[in-house]
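The values are calculated or read from the model by the stated rules, or taken from the named source; none is laboratory data. Just so we're clear, the structure is a prediction, and the values are computed from it rather than from any experiment. Heads up, the Cβs are rebuilt from the backbone with ideal geometry, glycines too, and the neighbour counts pull from every protein chain shown. All accessible areas refer to the heavy atoms of the entire protein, side chains included, with ligands and DNA or RNA removed. Shrake-Rupley method; radii C 1.70, N 1.55, O 1.52, S 1.80 Å.
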Amino acid sequence: MTETDVREVTGPRTFRNSTALVDNADPVWQAAADNGLINIAVDHESNNRLVVPATGHAFANMCSCSYLGLNRHPAVLDGVVKAVRDTGTIELMTSTTRIRPTIQLQLEEELGDLFGAHILLSTTCSTVTAGLLPLLASGHLAPGGPRVMIFDRYCHFSMSYVKATCAQESLVLTSGHNDIDFIADACRKYPSVAYIADGAYSMGGSAALEQLLELQDRYGLYLYLDDSHSLSIMGERGEGFVRSRTAPGPLTTIVTSLGKGFGSGGGLAMLHSAKQVELLARHGGPLGWSQNLSVPTIGAALGSAAIHRSPELGELQARLLANLAHFDELLPTPLSGNGLPVRRIDVGDAERAVRLSSELYQRGYYSSAVFFPIVPRGQAGLRVMIRSDMEHDELTTFAGHVTDLLAADPS
Ligand SMILES: *Cc1c(COP(=O)(O)O)cnc(C)c1O
């Protein structure tokens with residue numbers, strides 16, 4: 001084989017380039033591994049006390065997405081046991097598109113009522129995105145023909161991961177973060193456009209929803225918004241940032257993970273019509289071919305849904321907000337006061353982020369170092385997620401450590 005032959009089998013790498021990804025990120029992952037910051041196996045006494053059995057090292061989890069602590073709520077755990085006892089199974093192990101247990105139907109109806117939408121359930125939010133976006137690009141999910149797909153530069157990996165597939169169906173573009181002018185220009189240039197973004201961003205901040213809705217009114221812009229980080233924590237019924245401001249419609253789809261604030265597992269799309277649910281179940285790839293939501297997870301979700309209907313939800317949300325306000329006072333960041341639970345302490349350099357995370361871990365706090373490709377190059381930092389089940393004193397102590405360590409290790 002000649003060198004020319006080898007070059008010919010390299011793909012265009014327009015929307016994915018594993019060499020660049022691995023070459024950039026792996027050294028930092030290795031540094032994290034060398035500092036004992038990944039691959040940690042724990043026993044879970046509470047969200048504030050995880051214990052490594054091998055060494056007895058105990059630490060508080062400062063980066064759990066269980067924002068309301070529902071992952072350990074008795075009603076959620078009871079829901080699991082009840083569902084398994086009632087059905088006597090883990091799952092049907094048959095394509096959901098063909099046969100699904102009535103308890104899943106019950107959950108779909110319950111969530112549909114709670115969030116005011118037609119619900120498509122799946123094992124993860126990533127699966128929903130992988131199945132749905134190509135059918136949005138091709139023009140099957142909504143009328144208007146193939147759609148130009150604009151991905152926000154900061155959208156979650158689960159969405160940008162599907163760019164290459166969408167590019168087989170339509171034109172794929174990447175906008176700057178919240179770059180409304182770019183999106184408006186594309187709306188004027190192309191007949192059919194969709195914008196794909198987080199509602200509440202996994203690295204903090206939110207979509208420019210009001211301006212996006214204006215573009216939708218004016219140009220028929222389709223909005224695909226992933227609100228995994230605001231479900232449960234916002235809205236009277238925990239419907240999240242986007243759903244409390246707008247409804248699923250012919251041009252709006254909201255998707256979310258149930259494996260974060262909601263405290264169960266699984267993912268869903270809030271859709272406009274039963275017809276869309278049917279189309280996705282039949283043609284949405286992994287939505288139909290892969291395993292279905294397991295019965296224990298369905299039970300957990302039913303338990304969590306009941307909490308979402310009770311006054312307890314508002315109490316938990318209020319406790320979260322109080323903890324956020326306390327944290328923001330101790331450690332002001334550009335995200336302070338935004339009402340969302342993700343905070344980033346920017347440190348710039350990836351190695352410094354790993355050093356700080358390692359020092360904090362030794363002092364009993366796990367706060368993840370985030371670096372490219374999780375965040376853009378040169379914007380590494382520590383990611384902290386605030387929960388309702390943290391104590392004020394604990395937050396104060398943690399913030400003290402962060403302040404000390406930043407001063408001791410200047411950039
Ligand atoms: C965590 C996350 C996901 C992944 O959710 P799964 O249900 O685990 O697939 C998707 N989107 C966003 C914005 C996330 O933060």
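Counting only protein heavy atoms and a 1.4 Å probe, the chain has 44 square angstrom of accessible area per residue.
Under a 5 Å amide H cut-off, with hydrogens placed 1.01 Å from N, PHE151 pairs with LEU173, THR174, SER175, ILE196 among residues at least 5 apart or on other chains.
Calculated mean residue ellipticity, 222 nm, the chain: -13000 deg cm²/dmol, from DSSP H runs (n ≥ 4) at -39500 (n - 2.57) each, averaged per residue and rounded to 500. Evaluated over the chain, the count of Lys pairs having alpha-carbon atoms less than 25 Å apart is 4 (only pairs 8 or more residues apart or interchain).
Of MET62, LEU121, SER367, which is farthest along the charge dipole of the chain in the positive direction, counting Lys and Arg as +1 and Asp and Glu as -1 at C-beta? Looking along the dipole axis, the top candidate is LEU121. Estimated at the nearest 10 Å², the accessible area of THR403 is 70 Å² with a 1.4 Å probe. Sorted largest first, the principal axis extents computed over the alpha-carbon atoms of the range 74-308 equal 56, 34, 26 Å. Of the GluC sites (Glu not before Pro) found in the range 209-295, those in coil by DSSP whose Cβ has at most 12 other Cβ atoms within 10 Å are GLU236. A simple charge model with +1 on the Cβ of Lys and Arg, -1 on the Cβ of Asp and Glu and nothing else charged puts the dipole of the range 79-201 at about 300 debye relative to its Cα centre. Amide H contacts of ALA117 (H built 1.01 Å from N, in plane; Pro and chain starts excluded): no residue 5 or more places away or on another chain comes under 5 Å. Measuring nothing but protein heavy atoms, the accessible surface of the chain at 1.4 Å probe radius is 52 percent carbon and sulfur. Charge dipole (Cα centre; +1 on Lys/Arg Cβ, -1 on Asp/Glu Cβ; no other charges) of the range 164-275 amounts to roughly 260 debye. Using only side-chain charges placed at the Cβ, +1 for Lys and Arg and -1 for Asp and Glu, the dipole size of the chain relative to its Cα centre rounds to 820 debye. In the range 33-187, the C-alpha radius of gyration followed by the widest Cα-Cα span (Dmax) gives 21.1, 60 angstrom. In sequence order, the range 370-375 has phi-based couplings of 10, 8, 4, x, 5, 10 Hz under the Karplus curve 6.51 cos²θ - 1.76 cosθ + 1.60, θ = phi - 60°, and Gly or Pro positions carry x. Kirkwood-type hydrodynamic radius, the range 141-234: 13.4 Å, calculated from all non-identical alpha-carbon pairs. For the range 74-308, the residue among ILE307, GLN291, SER192 whose Cα projects farthest onto the positive side of the dipole built from Cβ charges is GLN291. ALA301 sits among other residues whose Cβ lies under 11 Å from its own Cβ, and their net charge, with Lys and Arg +1 and Asp and Glu -1, is -2.
Volume per residue for the chain equals 171 cubic angstrom (convex hull of Cα atoms).
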